[in-house]
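A short worksheet on the structure shown next.
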Amino acid sequence: MIQSYLAQGSTYAGDIDFLFDMIFWIVGVWFLISSGVFFWLVFKFRVSGNEGTAQYITGEEKSQKRWITIPHLLVLVCDVFIIWGAVRVWYDIKQHLPEPDREVRVITQQWAWTFVHPGQDGNFDTADDIHTVNELRLEKDAVYHYHLTSNDVMHDFSVPVFRLKQDAIPGRVITGWFTPTLLGEFDIQCAEICGIGHGLMPARLVVESAADHAAWMTEQSPVKFAAVAPQVGEN
Amino acid sequence: MAELIPTQPDPGHEDDHHHGEQSFVSKYLLSTDHKVIAMQYMFTGMAMALIGGFMAYAFRMQLAFPGMDVPFFGIVTPANYVALVTNHGAIMIFWVAMPVLIAAFGNYLIPLMVGCDDMVFPKINRLSYQVFLVSAIVLLSSFFVEGGGFGGAWTTYPPLSAKAEYNLTPLGSSLFIGAVGIEFIAFLLGGINFITTAMNSRAPGMKLYDIPMVIWMIVIASILFMVSVGPLLAGAIMLIFDQQLHTAFYDPNRGGDPVLWQHLFWFFGHPEVYVVLLPAVGITAEIITVFSRKKLFAYRTVLNTAIGTGVLSFCVWAHHQFISGIDPRMANVFTLTTLLISIPIAEMMFVYIATLYGGAIRLTTPMLWALAFIFEFLIGGVTGIFLGASGADIYMHDTYFVLAHFHYTFFPIAIIGTYAGVTYWFPKMFGKMMSDRLGKLHFWGTIIPFNFIFIPLFFLGAGGQHRRIYDFQNFPALAGEGMQDLRILATVSLVVMLGFQVVFFYNFIISLMRGEKAGKNPWKANTLEWTAESPPPHGNWKVLPTVYRGPYEYSVPGREKDYWPQDEPN
């Protein structure tokens, strides 16, 4: 369902969309059944004025309680499925960390993004690091590790097209991963309120082919402009 | 369980017991009468609801028509915008839902429904309202200090909330936290009263299982509130210290931890959802039984599910923090506990639906509100599953989907629940009937636009749009043409819905002036409040009632009348 609004731009986007659809169908069926029964009862037992007599049902007898306990157990079964699906997707995206092809630092501050590529030598904090502001260029199909930090308040690195979201916490470096699978230009949003400029903190994501990306890296290196590059300890 | 303390007048109450002439001030402003205090809470809550609703109007206009000069407000700047969304949330939860559902209905209903003359501690009760009023004034004053009102979301995450250099509201942020803290003191004072009165002052003969469900719900909610609020109050004090004394509880550069606040906040924040939910669920129970002339299906099950929900609600808080940098393994535990909450809540909904079976359903205005509560809350409930599932929450977190989900829980609770309660107990409160025709007009004029506000927001959320964004035009790939149309639809629906609230206030006033006399028991209900005069005098009854049976004995076979008041010997 989500993919009809937003393309799937990472290897795990499809998993999240599948989980969303699975939950949608499970809770959708429950919702239709319960609201169907609800409206049916309201219309069936509706009386006009003060006429009509009601039945006396305590709901305390076993034969009556069955109407509650059986659906109740079915809800539990559905819960098990949903928990299983959720934990599986969660493990893949947040708990497990595949070996990276490339790394990128994401540094947040009020109200801008700085992205740092390690450059040709593959190491951060060397002369050939490439800094970009409010634009993140990535290579398609490469496994990336991101190292997310904040210079001031909480921010959130959210890339809807990847289905990725992670808060940035001042004082911590949070490492996660993604693999872009779709060429093109997309939005990066800050998803954690970070002050009056929160809504004015967009960044562009550009996913390009390996060749284009290599050309861009060469063109950018050595650093042409000094971006805001605070020293944040790497762990 | 039947040994009770029926009619002992308590010492703090005596001086108010003379039913003679009282000046306006002592009758309405300094009264210790639970009914007057309930009205004070209710009207203050409604006034705050108007302010909170106006804020929603202002920021929704900005979202639909960016940069527009909003009528009655002006240009919404980014600083205005964040302050508006922050205070809208805080006001609607802490200064509308809490005072109306817990304090107003709790104060009004507990003594009347358990059959005693007043709260156990009337002066503490009066103090509770006065403290609450101070908190509301402190909050509203934050808009008029230098820097303006706080704009860091109602969740007030540090470091944004802790440092003026980040939030740019040096005084506003402290007044905000201070107001929330003061307000909690008010509800702690109220909670003591609610629990004690319901447990100790019940009419002779009223056993625990004879207590009307709404009273149980308010008592359980008060217990949840009192248990959960401590950590947050401690956290709030640390936050004010960080703001004003520059301590470093939440400052990572000096050894503090900003995520600590999130744990303290949500350890309170999630039970808080159930604190306001339960009274609304209780109100619904009273109304659907009366207007379907049915006994509540499985009374004890409802009570157990409420207690179960309450206990579980202390074990789910970190589902608000899945992506906030907690240990990822923790998310699995909290996914499990969160989804388990679906068990008692689903059971509660099933029980309510089952209660309708075999009834003689009268679609009066209060009944429509109660039925709407069940249906709309169902939507809020099922959409919560998406967010409780950690894997899906990675994408849905902080999107409009979350916003739509919790408005589908909080709107039924705070607005539908309140209207259900007010329209149902209005005859008791004021001795007049409300116009059913106007009531139904107001009902449909509220419910239909309500759905048109929030259903579009589910789609915006599924499309990846985040909350609290001032202007979507900065996100070209996300702010497609269709998305903007959905935002405009939501805003227009909000304006329509706010407009229809005029009908309610008109109905309220016109019914007060010219409404038909209600009599003691216009709905032919069983619970004790309907045996008192309408409106009940100070002291409630001349002779306090005695209880012989449970509250929901409707349509008992072999009886001539289809109701059987709790105080009738046979």
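Conditions tested, residue by residue: (1) touching a residue at least 24 places away in the same chain (Cβ under 8 Å); (2) surrounded by 24 or more Cβ atoms within 10 Å (Cβ to Cβ); (3) away from chain A (no Cβ under 14 Å).
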| residue | (1), (2), (3) |
| --- | --- |
| B:Leu245 | no, no, yes |
| B:Pro258 | yes, yes, no |
| B:Gly282 | yes, yes, yes |
| B:Ala298 | yes, yes, no |
| B:Cys315 | no, no, yes |
| B:Phe334 | yes, no, no |
| B:Val351 | yes, no, no |
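Take B:Arg126 and tell me if it is among the charged types (D, E, K, R) and within 21 Å of B:Gly181 (Cα to Cα). Break it down into steps so the answer makes sense when it comes.
Numbers: among the charged types (D, E, K, R): yes; within 21 Å of B:Gly181 (Cα to Cα): yes.
Yes, satisfied.
If you take the residues of the range B:461-489 that are more than 9 Å from chain A (Cβ to nearest Cβ) and charged (D, E, K, R), which of them is nearest to A:Arg204 (Cα to Cα)?
B:Glu481
Step by step: first the residues of the range B:157-173, then only those that are assigned to a loop (DSSP other than H, G, I, E, B) and more than 16 Å from B:Phe249 (Cβ to Cβ), then the one that is nearest to the other protein chains (Cβ to nearest Cβ). Which residue is that? Write out each step before concluding.
Applying the first criterion (assigned to a loop (DSSP other than H, G, I, E, B)) to the range B:157-173 yields B:157-163, B:168-171.
Then keep just the ones that are more than 16 Å from B:Phe249 (Cβ to Cβ); that gives B:168-171.
Values: B:Leu168: 6, B:Thr169: 9, B:Pro170: 13, B:Leu171: 16 Å.
Here the answer is B:Leu168.
For every residue, the table says whether it meets (1) within 20 Å of A:Val75 (Cβ to Cβ); (2) modelled with pLDDT of 95 or more; (3) β-branched (Val, Ile, Thr).
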| residue | (1), (2), (3) |
| --- | --- |
| B:Leu340 | yes, no, no |
| B:Ile345 | yes, no, yes |
| B:Met348 | yes, no, no |
| B:Ile361 | no, yes, yes |
| B:Thr364 | no, yes, yes |
| B:Met367 | no, yes, no |
| B:Ala372 | no, yes, no |
| B:Phe375 | yes, yes, no |
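Yes/no per residue for (1) within 22 Å of B:Ile341 (Cα to Cα); (2) of a type in the set (Val, Ile, Thr); (3) in the same structural domain as A:Lys140 (by TED's automatic domain parsing):
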residue: A:Leu6; (1), (2), (3): no, no, no
residue: A:Ser10; (1), (2), (3): no, no, no
residue: A:Trp30; (1), (2), (3): yes, no, no
residue: A:Ala54; (1), (2), (3): no, no, no
residue: A:Thr69; (1), (2), (3): yes, yes, no
residue: A:Val75; (1), (2), (3): yes, yes, no
residue: A:Phe81; (1), (2), (3): yes, no, no
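Would a scan of the range B:493-515 turn up a residue that is of a type outside the set (A, V, I, L, M, F, W, C), under 30 Å from B:Pro536 (Cβ atoms), out of contact with any helix residue (DSSP H, G or I) (no Cβ under 8 Å at 6 or more places or on another chain) and at pLDDT below 95?
Applying the first criterion (of a type outside the set (A, V, I, L, M, F, W, C)) to the range B:493-515 yields B:493, B:499, B:501, B:506-507, B:511, B:514-515.
Filter again for under 30 Å from B:Pro536 (Cβ atoms), leaving B:501, B:506-507, B:511, B:514-515.
Narrowing further to those that are out of contact with any helix residue (DSSP H, G or I) (no Cβ under 8 Å at 6 or more places or on another chain): B:514.
Applying the additional criterion that residues be at pLDDT below 95 yields B:514.
The answer is yes, given that some residue of the range B:493-515 is of a type outside the set (A, V, I, L, M, F, W, C), under 30 Å from B:Pro536 (Cβ atoms), out of contact with any helix residue (DSSP H, G or I) (no Cβ under 8 Å at 6 or more places or on another chain) and at pLDDT below 95.
Before we move on, is B:Met330 more than 20 Å from the chain's Cα centre (by Cα), assigned to a helix (DSSP H, G or I), more than 9 Å from chain A (Cβ to nearest Cβ) and of a type outside the set (S, T, N, Q)?
Judged against the criteria, B:Met330 is a match.
Within the range B:399-498, considering only helices (runs of 4 or more DSSP H) that don't extend past its boundaries, which have at least 2 residues that are free of Cβ contacts under 8 Å to residues at least 12 places away in the same chain?
Numbers: elements: B:400-410, B:417-430, B:436-462.
It comes to B:436-462.
Mind counting the residues in the range A:16-67 that are under 30 Å from A:Ala86 (Cβ atoms), more than 7 Å from every other protein chain (Cβ to nearest Cβ) and among the hydroxyl-bearing types (Ser, Thr, Tyr)?
Of the residues in that region, 0 qualify.
B:Tyr506: among the aromatic types (Phe, Trp, Tyr) and either within 14 Å of chain A (Cβ to nearest Cβ) or crowded, with 18+ Cβ neighbours inside 10 Å (or both), yes or no? Full working, then the answer.
Working: among the aromatic types (Phe, Trp, Tyr): yes; either within 14 Å of chain A (Cβ to nearest Cβ) or crowded, with 18+ Cβ neighbours inside 10 Å (or both): no.
Taking the combined requirement at face value, the residue does not satisfy it.
Name every residue in the range A:47-70 that is part of a loop (DSSP other than H, G, I, E, B) and either surrounded by 11 or more Cβ atoms within 10 Å (Cβ to Cβ) or touching a residue at least 60 places away in the same chain (Cβ under 8 Å) (or both), in order of residue number.
If we filter the range A:47-70 for residues that are part of a loop (DSSP other than H, G, I, E, B), which is where we start, we get A:47-61.
If the condition is that a residue be part of a loop (DSSP other than H, G, I, E, B) and either surrounded by 11 or more Cβ atoms within 10 Å (Cβ to Cβ) or touching a residue at least 60 places away in the same chain (Cβ under 8 Å) (or both), then A:Val47, A:Gly52, A:Thr53, A:Ala54, A:Gln55, A:Tyr56, A:Ile57, A:Thr58, A:Gly59, A:Glu60 are the ones that fit.
Of everything in the range A:172-186, what is within 19 Å of A:Ala112 (Cβ to Cβ) and surrounded by fewer than 22 Cβ atoms within 10 Å (Cβ to Cβ)? Give them in sequence order. Please lay out each step first, then the result.
Taking the range A:172-186 first, the residues within 19 Å of A:Ala112 (Cβ to Cβ) are A:173-174, A:185-186.
Those that are within 19 Å of A:Ala112 (Cβ to Cβ) and surrounded by fewer than 22 Cβ atoms within 10 Å (Cβ to Cβ): A:Val173, A:Ile174, A:Glu185.
From the list A:Ser10, A:Ser4, A:Ser34, A:Ser63, exactly one residue is out of contact with any Phe, Trp or Tyr (no Cβ under 6 Å at 6 or more places or on another chain), of a type in the set (S, T, N, Q) and under 30 Å from A:Pro202 (Cα atoms). Which is it? Spell out the reasoning first.
Details: A:Ser10 fails: out of contact with any Phe, Trp or Tyr (no Cβ under 6 Å at 6 or more places or on another chain); A:Ser34 fails: under 30 Å from A:Pro202 (Cα atoms); A:Ser63 fails: under 30 Å from A:Pro202 (Cα atoms).
Of A:Ser10, A:Ser4, A:Ser34, A:Ser63, the one residue that is out of contact with any Phe, Trp or Tyr (no Cβ under 6 Å at 6 or more places or on another chain), of a type in the set (S, T, N, Q) and under 30 Å from A:Pro202 (Cα atoms) is A:Ser4.
Surrounded by 18 or more Cβ atoms within 10 Å (Cβ to Cβ) and assigned to a loop (DSSP other than H, G, I, E, B), is that true of B:Pro551? Walk me through how you get there before you give the answer.
On the way: surrounded by 18 or more Cβ atoms within 10 Å (Cβ to Cβ): yes; assigned to a loop (DSSP other than H, G, I, E, B): yes.
Spelling it out, B:Pro551 is indeed surrounded by 18 or more Cβ atoms within 10 Å (Cβ to Cβ) and assigned to a loop (DSSP other than H, G, I, E, B).
Among the residues in the range A:90-99, are any in contact with a Gly (Cβ under 9 Å, 6 or more places away or on another chain), assigned to a strand (DSSP E or B) and on the phi < 0 side of the Ramachandran plot?
Checking the range A:90-99: not a single residue is in contact with a Gly (Cβ under 9 Å, 6 or more places away or on another chain), assigned to a strand (DSSP E or B) and on the phi < 0 side of the Ramachandran plot.
Looking only at the range B:539-570, how many residues end up being away from chain A (no Cβ under 14 Å) and either among the hydroxyl-bearing types (Ser, Thr, Tyr) or over 27 Å from the mean Cα position of the chain (by Cα) (or both)? Talk me through it step by step, then tell me what you get.
So the first thing to find is which residues in the range B:539-570 are away from chain A (no Cβ under 14 Å), and the list is B:539-548, B:565-570.
Then drop every residue that is not either among the hydroxyl-bearing types (Ser, Thr, Tyr) or over 27 Å from the mean Cα position of the chain (by Cα) (or both), which leaves B:539, B:541-548, B:565-570.
Matching residues across the range B:539-570 total 15.
Say we look at the range A:118-164 and pick out the residues that are more than 14 Å from every other protein chain (Cβ to nearest Cβ) and in contact with a Leu (Cβ under 9 Å, 6 or more places away or on another chain); which of these is surrounded by the most Cβ atoms within 10 Å (Cβ to Cβ)?
Step one: filter the range A:118-164 for residues more than 14 Å from every other protein chain (Cβ to nearest Cβ), giving A:118-133, A:137-145.
In the following step, the residues that additionally are in contact with a Leu (Cβ under 9 Å, 6 or more places away or on another chain) were identified as A:137-138, A:140, A:144-145.
Working: A:Arg137: 19, A:Leu138: 23, A:Lys140: 17, A:Tyr144: 19, A:His145: 17.
Restricting to residues being more than 14 Å from every other protein chain (Cβ to nearest Cβ) and in contact with a Leu (Cβ under 9 Å, 6 or more places away or on another chain), the top hit is A:Leu138.
The values are calculated or read from the model by the stated rules, or taken from the named source; none is laboratory data. Just so you know, these numbers come straight off a predicted model, no measurement behind them. We place every Cβ from the backbone using ideal geometry, glycine too, and count neighbours over all the protein chains shown.
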